[in-house]
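Here's the structure, in structure tokens; my notes come after.
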Amino acid sequence: MGKTIFPALYDIYGDSVVGISTDDIDLTKNGSDSELASCISTGCVVVMLAGVKKQLGDSLSSYCSNIAIATNFVKSLPITTPSRVIYMSSASVYGEDIARSVPIDEKTCPEPRTYYGVAKYTTELLIKKTCTDIATEYVHLRPPLVYGVHDQTRGYGPAGFLSKVSKNEKIDLWGDGTELREFIYVEDVGKIVCRIVENTYSGVVNLVSGISYSYTDILDSLEYFTGRSIAIQSTDRTKEKVDHRYNNSLLSGVVGEYKFSSLKDGIQKMVASTLR
């Protein structure tokens, strides 16, 4: 799979941080579990972010690659027994097209509707089972769409829209673009993970701010910060409009008070980096 996997695994111990990329170890390959185990020290904290992103194709093939990554990862854990595993899962485990009358929280039943979501939830279960067997603490973080500077996925959201604006291309907007979603700026993810590393919480936690935005909010911010008029092409929805709202009470209890970047602040940073 090469660089299309974009795995990043961090072995954090003492004052040292070791980053392992797909150039170092391709976790879809047989034998990669032993390679990975040789890079992890006993008693360390492992932050696991490896996977094939949905924006690169939501298919049975990508599901199989993600499960291979998960399998080789959990096979490496009993060899070294880290003290804690933090896995970057996804809010997609709740189902992207399921309408809910109350905000999603950690008690909401997972109902993944995509190959990506099914793979993420399966990986959570594999890690939970393995960590329970070896008496290792674990945390499953479930973020919504993460965006930020240097985002190369170009998906349907801030990064993809900005890419089209920078090329003066039309943006295809599903329906009227008013459905609500959470978008988390990448710097916030890193800061939250650092707080998780330093505490003793174990289990699932949604990495969310509790504030949802519409796709038209993204377009408004892009027009404001780029000073450009954005060409939009509306496309009929293929599914019913569904809003996503989250309750971040548990996250606040786990990591304490934290001020998330607003969508405007995040987009302003992206525009400044991309169009400078």
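What follows draws every value from the coordinates through simple rules; no lab data is involved. Every value quoted in this text rests on a predicted model; they were computed, and no experiment measured them. Here Cβ is always computed from backbone atoms with ideal geometry, including for glycine, and neighbour counts include all displayed protein chains.
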Quiz item: On the first, second and third principal axes, largest extent first, how far apart are the outermost C-alpha atoms of the range 1-142 in Å?
Solution: 45, 31, 26
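Relative contact order for the range 1-142: what is it in percent, counting Cα pairs under 8 Å that are at least 6 residues apart? Walk me through the intermediate numbers first.
Details: 244 pairs, mean separation 35.1, N = 142.
It rounds to 25 percent for the range 1-142.
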Quiz item: How large is Rg over Rh for the chain, taking Rg from the Cα atoms and Rh as the Kirkwood inverse mean of 1/r across Cα pairs?
Solution: 0.97
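Using the beta-carbon distance between D133 and R195 and R0 = 30 Å, what value does 1/(1 + (r/R0)^6) give for FRET efficiency, to the nearest 0.05?
Working: r = 27 Å, r/R0 = 0.90.
About 0.65, to the nearest 0.05.
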Quiz item: With θ set to phi - 60° and the Karplus curve 6.51 cos²θ - 1.76 cosθ + 1.60, what are the ³J(HN,Hα) couplings of the range 94-100 in order, to the nearest whole Hz, using x for Gly and Pro?
Solution: 7, x, 6, 10, 9, 7, 10
Practice problem: Using +1 at the Cβ of each Lys and Arg and -1 at the Cβ of each Asp and Glu in the range 1-142, identify which of L49, S76, S62 lies farthest towards the dipole's positive end. | Solution: S62
Quiz item: Distance in nm between label sites at D243 and K107, each 7 Å beyond Cα in the beta-carbon direction?
Solution: 2.2
Quiz item: Roughly what % of DSSP beta bridges within the range 129-276 run antiparallel, to the nearest 5?
Solution: 15
Practice problem: Find the centroid of the Cα atoms in the range 140-171 and in the range 205-276, then give the distance between the two in whole Å. | Solution: 10
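Treating the beta-carbon of each Lys and Arg as +1 and of each Asp and Glu as -1, no other charges, what is the dipole magnitude of the range 1-142 about its Cα centre, to the nearest 20 debye?
Working: 13 positive and 16 negative charges, 62 e Å.
The dipole magnitude comes to about 300 debye.
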Practice problem: Among the aspartates and glutamates, select those whose C-alpha is under 13 Å from the C-alpha of K259, and discard any that sit fewer than 8 residues away in the same chain. | Solution: E187, D188
Self-check item: Selection from Y121, C39, S252, by position along the positive dipole direction of the chain (Cβ)
Solution: Y121
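Assign unit charges at the C-beta atoms only (+1 for Lys and Arg, -1 for Asp and Glu), then state the dipole size of the chain relative to its Cα centre in Debye, rounded to the nearest 20. Mind dumping the intermediate values first?
Numbers: 29 positive and 33 negative charges, 59 e Å.
That gives the chain a dipole magnitude of about 280 debye.
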Quiz prompt | Helix-only mean residue ellipticity at 222 nm for the chain, each DSSP H run of n ≥ 4 adding -39500 (n - 2.57), per residue, nearest 500 | solution = -11000 deg cm²/dmol
Quiz item: With the chain treated as a Gaussian network of Cα nodes joined by springs under 10 Å, which of H140, H150, H244 yields the largest mean-square fluctuation?
Solution: H150
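Lysine pairs in the range 1-142 with Cα distance under 13 Å, only those 8 or more apart or on different chains: how many are there? Working shown, then result.
On the way: K3/K53; K29/K75; K53/K120; K54/K120; K75/K128; K75/K129; K120/K128.
Step by step, the pairs that qualify in the range 1-142 add up to 7.
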Quiz item: For the chain, what is the percent of antiparallel DSSP beta bridges, rounded to the nearest 5?
Solution: 35
Quiz item: So what's Rg/Rh here for the range 48-102, counting alpha carbon atoms and using the Kirkwood radius for Rh?
Solution: 1.07
Quiz item: Say the dipole of the chain comes from +1 at the beta carbon of Lys and Arg and -1 at that of Asp and Glu; which of A272, T130, S262 then lies farthest toward its positive end?
Solution: A272
